[in-house]
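To start, the structure itself, in structure tokens.
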């Protein structure tokens, strides 16, 4: 399949948004997407998620003959594979330019920085050494593959354990993992790649570009940095002029980011090890969120509105929460930014109608809900309770209401009422006007259910468990309105 | 005092499935599934005074696969079929290059999906199914087929019927359903069956090891019974997701 | 007339034939094509066989090599089966890397041989960690007219039966290996797995031993491999769903077929032995 063509309007939109220091997904220019690591039950297997970008890495090893030039060093091989799973234009079994570039960047960052102690991988000099192979497979390409791939490779390497070996004169015995505990690989330091995209002849530089931003960008800067702020690789691509000051400036930022990433990685590794020792099951079970319901919703559109005031407020309120929760709050904030008097409803590319619809639906849904509730609201009671039983993670609020014997939708309706009351009027009018314009009642009918479900999903999913929730609800009554609002 | 302990062993048919649809943003349909992790042994213990039930959890490995579907999309000229969509399957092992065994897995998945799809309504196009192994703890082939089926479901492409794959193994004298890799160590033969949802007939079969015709038939019947559990899982999945379609 | 009809509408052509319970080549639905086996056909190979089932022809040659075993598994040798489908065997194949069909056939051959444990790999080890035999088994298809796996497996087994392993001496201290090409012993081959391919035509009719035309029109294929009345592979890669009674019938048929083919291999080997003794008598 061919790569879809990037339209001029998409390009100009991104560029003009950038000139106002805004990004499609509402991030700041130097803000990174949240990163998550999951480990498989094999040693040396992990999935790294960076925003929507997903990468899986697996380390394997075998005994080989060393290179004659370095007879007492093991071998480290890095492979990045782009299968059509990641993006439709990737071809299986063919080394594309991108794959070659990724491979080389990873080699520079991990292999050439000599972070892996290769001498410890030697069994008998000139005869037998361990060849460690790292396979990185791209599952989903939503930009910044370098960062995700390098981190996945490094995490997998630090997680990996090779079988123990003993040499008795002539014989070499490779011990089964059950027989003797396997040995981790020694890493001297932890280098990761941090990449930036350059726009407008170097006037705008953004961190962690998404796929579409990468395609629009004029150039890219990739730093290989370790947690000690040492540079382990630098790649300048594209045709944008990049000055020395810029490189210096962003290298410092990249070092900060690298430290964050490595800290998070070490934390994840420690937790995995703890689970393994205490016998808690490990594996990819946790990276499946069976309460997440986005089937055919195609809610991949990542546009979000950006309001600096809310960001500041968020930062003030939530200074100690971790990355995951930060993202949730982030989205919540962005939803609510409609409060501001200048609503920038932007639509670019595919799915834009979807997002606008979603907002409309919500308003409409709320109204409809209220109506139904006045009539008895039976339908919703049934629906609510059946779906909430499925989930173990009921948030407190709903549990309480159920205990009181009140139907859940009642409490939700109150929220709605508040929401409608506090949300500013002109905006609402505008949205309603849009609904009527976009017509087709059948379509609305289907989307209604969609929105409703998402709403359930978002509370069930355990977002509600975020420790901030109660506090926020207490602090600001109208915040509940946008808190219960679906974000994706 | 003597306690009479009657173990009424009620073994679960299959290792529990866990699935998330639409996990990937780029493909038209995608599914990530894990099969396994534990199974529950439910024992009824009758002592002198009480009768109580005990649940014992066994760790049984965890096979994980992610599947993605693109389609119908444009097709390469050399693969074009004038009367139906051509089905392309790519299976990626998690380490190393795909070998001949992976190629065979690919063929089985491709032919199975081709049987299930209504490819005749999309002539001169391609449907591309990509599978990525994440973890192999036994029953990888059946896990792949189930994942592919769920990804096809998610993509919303027209299908004749759904398919469910169940694996089992033959040990010395009995048949164990959905064995993990640890179980397989002591197996005489391992078999994988794929059934359709319409008549529950056999769509695909792949075996290793030696067994008799009777054992084959017995395993087939047992797996067919267990396949209902997977179809039930599909049903619950659709129920869960249908409200947001 | 027949030929034109076949070109214009091959499906209808077959449907008409099958309605009369006869196949275009004159066979009944459940009749096999004649099979021919010749062993020790290639003088330069360490073992060889040619199998012809109808028009399908497969040549299988065995090459022996000495190698150093893998450190992970230091006491076994290698058996490396490979199926080649060259462009000469059918217009479907093109020069270049092996096609998917060839790769699947290679893998099936390897699986069947290992499932049936035809050859104990420990018997190939000469000195653990030092020296072991690698048995390269190359099956080349000369004419592809359906049921390729049946011919390949039979040819592979027959070729393995003819292999004579030379005696080897290894001096560990001086690292010297001595091979005695005149002192040979046969490989410990146990059993002979026999595959039987069935084609399902339009979801209903089952044909045995399909030709390549029948295979391309079929809506599904089933290959059942039997050894000593035990199944060692039931391979159905998708295709139209098959009801239980049909599957059982196929399994039973495969069992009968296996006995016949086994006898055929034995007969071919016996014929060769007879010739050899006759030759030796003449020499003496």
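The values are calculated or read from the model by the stated rules, or taken from the named source; none is laboratory data. Here the structure is a predicted model, which means the values were calculated and not measured. Heads up, the Cβs are rebuilt from the backbone with ideal geometry, glycines too, and the neighbour counts pull from every protein chain shown.
Quick one: how many residues across segment B:85-99 are touching a strand residue (DSSP E or B) at 6+ places or on another chain (Cβ under 9 Å) and over 22 Å from residue A:54 (Cβ atoms)?
Filtering segment B:85-99 for residues touching a strand residue (DSSP E or B) at 6+ places or on another chain (Cβ under 9 Å) gives B:85-98.
Next, from what is left, pick out any that are over 22 Å from residue A:54 (Cβ atoms): B:85-87.
Result for segment B:85-99: 3.
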If we keep only residues of segment C:82-109 that are touching a residue at least 60 places away in the same chain (Cβ under 8 Å) and more than 10 Å from every other protein chain (Cβ to nearest Cβ), then the residue farthest from residue B:108 (Cα to Cα) is C:90
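Yes/no per residue for (1) within 14 Å of chain B (Cβ to nearest Cβ); (2) modelled with pLDDT of 95 or more; (3) in a helix (DSSP H, G or I); (4) crowded, with 16+ Cβ neighbours inside 10 Å:
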residue: A:274; (1), (2), (3), (4): no, no, yes, no
residue: A:280; (1), (2), (3), (4): yes, no, no, no
residue: A:286; (1), (2), (3), (4): yes, no, yes, no
residue: A:298; (1), (2), (3), (4): yes, no, no, no
Only one of C:192, C:199, C:258 is within 14 Å of chain B (Cβ to nearest Cβ), surrounded by 12 or more Cβ atoms within 10 Å (Cβ to Cβ) and part of a loop (DSSP other than H, G, I, E, B), namely C:192
Residue A:156 versus (1) more than 14 Å from chain B (Cβ to nearest Cβ); (2) at pLDDT 95 or above: which is the lone unmet condition?
(1)
Restricting attention to segment A:239-260, does a residue exist that is more than 27 Å from residue A:14 (Cβ to Cβ) and part of a loop (DSSP other than H, G, I, E, B)?
no
Regarding residue A:123, is this residue surrounded by fewer than 24 Cβ atoms within 10 Å (Cβ to Cβ), in contact (Cβ under 8 Å) with a residue 40 or more places away in the chain and either assigned by TED's automatic domain parsing to the domain that holds residue A:74 or in a helix (DSSP H, G or I) (or both)?
yes
Test for residue A:97: is it without any contact (Cβ under 8 Å) to a residue 24 or more places away in the chain and under 28 Å from residue A:181 (Cβ atoms):
no
Would you check if there is a residue in segment C:117-133 being within 15 Å of the chain's Cα centre (by Cα) and surrounded by fewer than 18 Cβ atoms within 10 Å (Cβ to Cβ)?
yes
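Does residue A:268 qualify as being under 26 Å from residue B:33 (Cβ atoms), more than 14 Å from chain B (Cβ to nearest Cβ), in contact with a strand residue (DSSP E or B) (Cβ under 8 Å, 6 or more places away or on another chain) and at pLDDT 90 or above? Talk me through it step by step, then tell me what you get.
On the way: under 26 Å from residue B:33 (Cβ atoms): yes; more than 14 Å from chain B (Cβ to nearest Cβ): yes; in contact with a strand residue (DSSP E or B) (Cβ under 8 Å, 6 or more places away or on another chain): yes; at pLDDT 90 or above: yes.
It is true that residue A:268 is under 26 Å from residue B:33 (Cβ atoms), more than 14 Å from chain B (Cβ to nearest Cβ), in contact with a strand residue (DSSP E or B) (Cβ under 8 Å, 6 or more places away or on another chain) and at pLDDT 90 or above.
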Quick check on segment B:130-142. Is at least one of its residues within 10 Å of another protein chain (Cβ to nearest Cβ), in contact with a helix residue (DSSP H, G or I) (Cβ under 9 Å, 6 or more places away or on another chain) and without any contact (Cβ under 8 Å) to a residue 40 or more places away in the chain?
no
Residues (free of Cβ contacts under 8 Å to residues at least 24 places away in the same chain and either within 14 Å of chain B (Cβ to nearest Cβ) or in a loop (DSSP other than H, G, I, E, B) (or both)) located in segment A:5-20
A:5, A:20
Tally, over segment B:186-217, of residues that are in contact with a strand residue (DSSP E or B) (Cβ under 6 Å, 6 or more places away or on another chain) and more than 7 Å from chain C (Cβ to nearest Cβ)
10
Here is a list: A:92, A:87, A:57. Which entry is out of contact with any strand residue (DSSP E or B) (no Cβ under 6 Å at 6 or more places or on another chain) and facing another protein chain (nearest Cβ under 10 Å)?
A:87
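Among the residues in segment B:230-237, are any without any contact (Cβ under 8 Å) to a residue 24 or more places away in the chain, within 14 Å of the chain's Cα centre (by Cα) and over 26 Å from residue B:90 (Cβ atoms)? Step through it out loud before you land on a result.
Just the residues of segment B:230-237 that are without any contact (Cβ under 8 Å) to a residue 24 or more places away in the chain, to begin with: B:232, B:235-236.
Filter again for within 14 Å of the chain's Cα centre (by Cα), leaving B:232.
Now restrict to residues that are over 26 Å from residue B:90 (Cβ atoms): B:232.
Scanning segment B:230-237 turns up at least one residue that is without any contact (Cβ under 8 Å) to a residue 24 or more places away in the chain, within 14 Å of the chain's Cα centre (by Cα) and over 26 Å from residue B:90 (Cβ atoms).
Every residue, every condition in (1) closer than 22 Å to residue B:126 by Cβ; (2) at pLDDT below 95; (3) outside any helix (DSSP H, G or I), yes or no:
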{"residue": "A:54", "(1), (2), (3)": "no, yes, yes"}
{"residue": "A:57", "(1), (2), (3)": "no, no, yes"}
{"residue": "A:63", "(1), (2), (3)": "no, yes, yes"}
{"residue": "A:70", "(1), (2), (3)": "no, yes, yes"}
{"residue": "A:81", "(1), (2), (3)": "yes, yes, yes"}
{"residue": "A:84", "(1), (2), (3)": "yes, yes, yes"}
{"residue": "A:91", "(1), (2), (3)": "yes, yes, yes"}
{"residue": "A:94", "(1), (2), (3)": "yes, yes, yes"}
{"residue": "A:101", "(1), (2), (3)": "no, yes, no"}
Only one residue in C:82, C:75 is in contact with a helix residue (DSSP H, G or I) (Cβ under 9 Å, 6 or more places away or on another chain) and surrounded by 17 or more Cβ atoms within 10 Å (Cβ to Cβ), so which one is that?
C:82
Segment B:154-185: number of residues that are under 23 Å from residue B:129 (Cβ atoms), within 11 Å of another protein chain (Cβ to nearest Cβ) and surrounded by fewer than 22 Cβ atoms within 10 Å (Cβ to Cβ)
3
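Do you know which of the residues in segment C:112-147 that are part of a helix (DSSP H, G or I) and over 13 Å from residue C:78 (Cα atoms) is nearest to the other protein chains (Cβ to nearest Cβ)?
Let us first name the residues in segment C:112-147 that are part of a helix (DSSP H, G or I), namely C:112-115, C:121-124.
If we keep only those that are over 13 Å from residue C:78 (Cα atoms) too, we end up with C:112, C:115.
Numbers: C:112: 10, C:115: 5 Å.
Result: C:115.
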Counting only residues that are surrounded by fewer than 23 Cβ atoms within 10 Å (Cβ to Cβ) and in a strand (DSSP E or B), which one in segment C:202-219 is nearest to the other protein chains (Cβ to nearest Cβ)?
C:206
Those residues of segment A:73-99 which are more than 30 Å from residue B:28 (Cβ to Cβ) and out of contact with any helix residue (DSSP H, G or I) (no Cβ under 6 Å at 6 or more places or on another chain), in sequence order:
A:75, A:77
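Within segment B:177-186, can one find any residue that is in contact with a helix residue (DSSP H, G or I) (Cβ under 8 Å, 6 or more places away or on another chain), over 28 Å from residue B:22 (Cα atoms) and modelled with pLDDT under 90? Write out each step before concluding.
If we filter segment B:177-186 for residues that are in contact with a helix residue (DSSP H, G or I) (Cβ under 8 Å, 6 or more places away or on another chain), which is where we start, we get B:177-178.
If we keep only those that are over 28 Å from residue B:22 (Cα atoms) as well, we get B:177.
If we keep only those that are modelled with pLDDT under 90 as well, we get B:177.
Yes, some residue in segment B:177-186 is in contact with a helix residue (DSSP H, G or I) (Cβ under 8 Å, 6 or more places away or on another chain), over 28 Å from residue B:22 (Cα atoms) and modelled with pLDDT under 90.
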What about residue B:112, is it without any contact (Cβ under 8 Å) to a residue 60 or more places away in the chain and within 14 Å of chain C (Cβ to nearest Cβ)?
no
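Inside segment A:171-203, can you point out the residues that are at pLDDT below 90, away from chain C (no Cβ under 14 Å) and crowded, with 17+ Cβ neighbours inside 10 Å? Give the derivation first.
Quick first cut of segment A:171-203, residues at pLDDT below 90 only: A:171-181, A:200-203.
When the remaining residues are screened for being away from chain C (no Cβ under 14 Å), the result is A:178, A:180-181, A:200-203.
Result: no residue meets the conditions.
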I want to confirm something. Restricting to segment B:115-129 and keeping residues that are assigned to a helix (DSSP H, G or I) and within 12 Å of chain C (Cβ to nearest Cβ), which single residue is nearest to residue B:157 (Cα to Cα)?
B:116
